[in-house]
1. Taking springs between alpha-carbon atoms closer than 10 angstrom, which of A72, A198, A98 fluctuates most in the Gaussian network model of the chain?
2. Report the trypsin sites (Lys or Arg not before Pro) located in region 179-286 that are in a DSSP loop and have at most 16 other Cβ atoms inside 10 Å of their Cβ, or state none.
3. Mind checking the per residue accessible area of region 3-158 for me, 1.4 Å probe, whole number of Å²?
4. List the trypsin sites (Lys or Arg not before Pro) in region 1-50 that DSSP assigns to loop (not H, G, I, E or B) and whose Cβ has at most 14 other Cβ atoms within 10 Å. Which are they?
5. Just by accessible area at a 1.4 angstrom probe, what is the order of F49, F76 from largest to smallest?
6. Semi-axes of the equivalent ellipsoid of region 208-255: what are they in whole Å, largest first, if each equals the square root of 5 times a C-alpha gyration tensor eigenvalue?
7. If one takes the longest principal axis of the Cα atoms in the chain, at what angle in degrees, from 0 to 90 and to the nearest 10, does the Cα axis of helix 102-117 lie?
8. Please compute the Cα-Cα pair-distance distribution of the chain with 5 Å bins starting at 0, giving whole percents from short to long.
Amino acid sequence: MNSITVKAYAKINLGLDVIRKRPDGYHDVSMIMQTVNLYDTINIKKTKFQSVTIRSNLYYLPTDRRNLVYKAIELFRENHPIRSGLNIFLNKRIPVAAGLAGGSADAAATLKGLNRLYQAGLSLEELMKLGVKLGADVPYCLLMGTALSEGIGEILKPLTPMPDCSILLVKPDISVSTKYVYENLRLNEEAKHPNIPAMLEALQENNIYKLAPLMENILESVTIKEYPIIEEIKSVMKDKGALTALMSGSGPTVFGIFDNQLKAEKVYRYFKSSGYGKQVILTRPY
Ligand code: ATP
């Protein structure tokens, strides 16, 4: 095999809770993760040379050591000899710095792709152990689907898949630093913790009407204070018929859950023509 193309899927957080800040600066979380049918494609091609070259459709994305695809290649190399160079083309469709784990998804897909390309025979568990060195969300991006994520994100439990629905993503034109959001999170009485056990029950019952109103993200308290437009997008989505609307990860992307595809398409068209954000995507659970 000389080349391979892999897909890197985005995620949303149906529920995001932060339990505590650990002495090492990390946070213990409890999150319900969901892969959505929105993906980057990564073409990995062996070359005669020794170097790694990354190109991307986005001019502003770093293509050197700062790119998570590059980091994934270096990590894989430390554990498995690669006797060739690599040419990578990364076609980004997942909005960048959006709370959709695009970079982590690319890192996960690169590890999977290299494992196949070089027939290294690493199991999913082995890839996940490797992946956590690149970021807390990378093991989940390898696992995919609906999952409970605990610890710093590395303790994963697959869950009953979420009920099928339409998912509308709107990313306002602002950038949010994940580090800033976690640093400014205050875990006091005002913090709105999601009821994760009730959400797990709703998932098991395959009941979207029970699940949707339980969706909460504790990080909204930080990001929305800084960027009220996120609250505005949430309100508009709900007014226009979403069962619920929530910020994903540390933001700023807002996702709306719809039980009706035609309604979702109408709201999609509204957001496309409004000034709320250039990136508006209608998708479904993976
Ligand atoms: P998370 O939800 O895990 O916080 P995110 O969706 O908010 O992630 P990313 O899209 O992963 O954020 O991008 C965060 C930063 O990582 C960007 O500023 C970008 O420059 C850098 N980056 C490095 N590699 C990549 C990549 N392959 N795709 C996207 N961003 C990347």
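1. Evaluated over the chain, the most mobile residue of the options is A198.
2. Working: sites: K179, R186, K192, K210, K225, K234, K238, K240, K263, K266, R269, K272, K278; in loops: R186, K192, K240, K278.
When the trypsin sites (Lys or Arg not before Pro) of region 179-286 are filtered for loop state and at most 16 Cβ neighbours within 10 Å, R186, K192, K278 remain.
3. So region 3-158 comes to 44 Å² accessible per residue, rounded to a whole number.
4. K48
5. Values: F49 135, F76 0 Å².
Correct descending sequence by accessible area is F49, F76.
6. Numbers: eigenvalues 65, 33, 10 Å².
Result for region 208-255: semi-axes of 18, 13, 7 Å.
7. Approximately 40 degrees, to the nearest 10.
8. 1, 6, 12, 17, 18, 17, 13, 9, 5, 3, 1, 0
The values are calculated or read from the model by the stated rules, or taken from the named source; none is laboratory data. Note that the coordinates shown come from a computational prediction; the quantities given were computed from them, not determined experimentally. Quick reminder, even Gly has a Cβ in these numbers, built from the backbone with ideal geometry, and neighbours come from all protein chains shown. Quick note on the areas: whole protein, heavy atoms, side chains included, nothing else; ligands and nucleic acids left out. Shrake-Rupley method; radii C 1.70, N 1.55, O 1.52, S 1.80 Å.
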